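So the structure is just underneath, and the comments pick up after that.
The values are calculated or read from the model by the stated rules, or taken from the named source; none is laboratory data. Given the structure is predicted, the values throughout are model-derived calculations rather than measurements. When we count neighbours, we look across all protein chains shown, and the Cβ atoms used for this are built from the backbone with ideal geometry, even at glycine.
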């Protein structure tokens, strides 16, 4: 998905953004493992609240330190904030926490492979981004891999060993 943008001037993919992406994936992976190991039995609403309080406090400090404190309110900002808060922060994160709690770690991990493909399709549909044949084939391979990783066997058994 990134290949066409790597060489493009102003494409947004720089060594810094790649490092930031790597750090975020490592952080999500570590957080998922930590939650499954130490916090999977608690109340999801309370756990979500504490995560948002911690993340919000950190972002408020970063904003006060690095931002200009100027906000221009327009339709694009309202749409973006509604999408980020309602769909991503509340919907997707709560769904992620439910899947982790219910022992769906392999499905959670495999679904992350669909993020670049879905993002590319959304960019194509909303912003007119071009998709190359290599990107389309890559999306198909990733989708097939996720389908194979998350599919249940035909006999209905989950493959777990029982004593």
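Residues in the range 1-35 that are outside any helix (DSSP H, G or I) and surrounded by 13 or more Cβ atoms within 10 Å (Cβ to Cβ) were compared, and the one that is modelled with the highest pLDDT is 13. Could you tell me which residue of the range 36-50 is nearest to residue 108 (Cα to Cα), considering only residues that are in contact (Cβ under 8 Å) with a residue 40 or more places away in the chain and in a helix (DSSP H, G or I)? Per the criteria, the residue is 36. Summed over the range 71-92, the residues that are modelled with pLDDT of 90 or more and in a loop (DSSP other than H, G, I, E, B) give a count of 3. Residues that are closer than 17 Å to residue 42 by Cα, in a helix (DSSP H, G or I) and without any contact (Cβ under 8 Å) to a residue 40 or more places away in the chain within the range 97-125 comprise just one, 99. Considered as a group, the residues in the range 132-163 that are part of a helix (DSSP H, G or I) and loosely packed, with under 10 Cβ neighbours inside 10 Å include one that is modelled with the lowest pLDDT, and that residue is 148.
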